[in-house]
Structure formats: structure tokens, C-alpha cells
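Worksheet for the structure shown next.
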Amino acid sequence: MYINLSPPLQVALSKRSQETGQTPAEIVTIALRQYLEIDEETLFQTSTIGALVEGVYRGDLTIAELRNYGDFGLGTFNDLDGEMVVLDGQVWQLRSDGRAYPVADEVKTPFATVTFWQADWTATLDQPLTYEELQRYLDTLLPSGNIFYAIKISGQFRSVRTRTIERQNQPTRLVEAAARQPVHEFFDVQGDLVGFWTPSYMKTVNVPGYHFHFLSADRQQGGHVLDVCIERVDIGIDDTPRLRMALPDTEEFLGANLTRDTEQELHQAEK
Ligand SMILES: [Zn+2]
């Protein structure tokens, strides 16, 4: 299908393409999806956090497929090979050296959550806040604890402490893998926190409460956020009351025992 674009639209499109690294086709697809209200306010995820806690580290969804369901989100990669950040349609792999790498389309994920980012409202904070204080502030912004929200926090950070889980070559439980994870600390850094609020009643589906991954503004480093102190940030919040799940059609997932209560182990692994 060919569509003629006016010269000003073509200019704006190539400018956006240069800024974000997305192809013009990707930008047009996202814009049309928003305009036509397809998959609006929908969270897409593959597998469950309960399965990840049980050590189901291999999924069947490729990064190319994941990008059809969202341009913003987080997750991990097969064999737990680092932390995932999806931002502006680009997928980044934050590996155990604390560095960020672009990801090939054919790489697979055992757990990821994405949505098409469209902020429903925004706020600015220009006072230093600890992670605890930031979370209490976010509590006042969210109208309800009972639906999912995608949250983007961009700006200047005094410090960010992250962990980046290491590729697992042996079967482990998530809590064991997390106990050996390298921790990195960044000071006076610009970047983005990409994450979600998940209601506590969803605790076997996704990580309950706030869950953020950090990516520096130069797209060079980041990880799963353990602690943060903000300096000056813009906050965007996207209501996502709909959930669409794709459960892996793999022997490992289908054969896993997902009846156990994994709340304690998840808390230990994630915090
Ligand atoms: Zn994480």
C-alpha cells in the first residue's frame, strides 16, 4: 500500500526517525494505532512472574513479535540474560556488566510487559526525593491501586542503584539467580525510569507495586532499579486497565508447577 505524504509530514517523519532510531514505517504504524484506537490502554505480557520465580527462563516470543504489542516496557531475556528496557520502540538489553546493548529481533523473552506509551497525565518534580519518598508521591498521583499503570520518569538523578541479572546456564530458582546478581551504582546521571504499577491482587501475574528499570540518557547503562534518588524529573503516567497475556507454548512452561505461593521469594528476588 502506498500513501502520499505532504512534504511537511515527510520532514517531520524523518526528523522523528533520526531522533528515535525508529524506521518511518514503525512511526507511522504507532501513530495510526493510536489514532485508530487499536490496543489502546492495553498491557501485553508474556508468561507470568510466578513462572519466572519457579525458574521458567525460556519463552517462545521473539523481540520482533513483542514490538508488535508495545513500544514501552520491561522484562528479561531467555536464560535470564540481563534486564530488558523497551523505550521509544527500541529494545535494550542491560547485561551483568551494567552496560546497555541493542537486541536482535530473533532473541526470545521468557517474561516481558509492554504497552503503547501515551501519557494520560504528567507531573514535574524538582526537589530531591528518595525512592521511598518518590513512591509515596506516585501513590498520590495514581487514582486507584486496582489497575495497571505504565510510568515513565525522565530527568536528572542524584543516584541510581541497579542490579542486572546474570545469564543462567544451570536451572535455578529466581531467588538463587538474584542472590548472585551484580549491583551497579550511577551518580549524577540523566536517564529514564521505565516501569509499571501492578495491583497486589495480580502478584502471581506480575511484580506487585512499583517495578522500574533504568536506562541512562546516553543509552549506555542501566538495570533493574533497587534504589534511586531523584534530582529533577518529569513523570508521565499511562492508565492501562486492559491486560492481554500470551502464555508460552513450551514444554518448560506447560510442565511447570505454578500452584505454589511464591510471594516471599519474589519479594526477596526483586527488592
Ligand atoms: Zn526488573
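The values are calculated or read from the model by the stated rules, or taken from the named source; none is laboratory data. Everything quoted here is computed from the prediction, not taken from an experiment. All Cβ positions, glycine included, derive from the backbone under ideal geometry; neighbour counts span all protein chains shown. Side chains are part of the model used for accessible areas, which takes the heavy atoms of the whole protein and leaves out ligands, DNA and RNA. Shrake-Rupley method; radii C 1.70, N 1.55, O 1.52, S 1.80 Å.
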With just the Cα atoms defining each centre, how far is segment 13-28 from segment 231-256? Give it in Å.
25 Å
Share of segment 41-271's accessible area from carbon and sulfur, percent, 1.4 Å?
45 percent
Kindly provide the chymotrypsin sites (Phe, Trp or Tyr not before Pro) of segment 1-46 that DSSP labels as loop, not H, G, I, E or B, and whose Cβ sees at most 10 other Cβ atoms within 10 Å.
Y2
Placing +1 at every Lys and Arg Cβ and -1 at every Asp and Glu Cβ, with all other atoms neutral, what dipole size does the chain have around its Cα centre, in debye to the nearest 20?
220 debye
Unit charges at the beta carbon, dipole of segment 41-271: most positive-side option, V85, A123, L258:
L258
Per residue, how many Å² of accessible area does the chain show with a 1.4 Å probe?
48 Å²
Proximal aspartates and glutamates relative to K108, as straight alpha-carbon distance under 14 Å, when same-chain residues fewer than 8 apart are discounted:
D60, E65, D79, D81, E83, D249
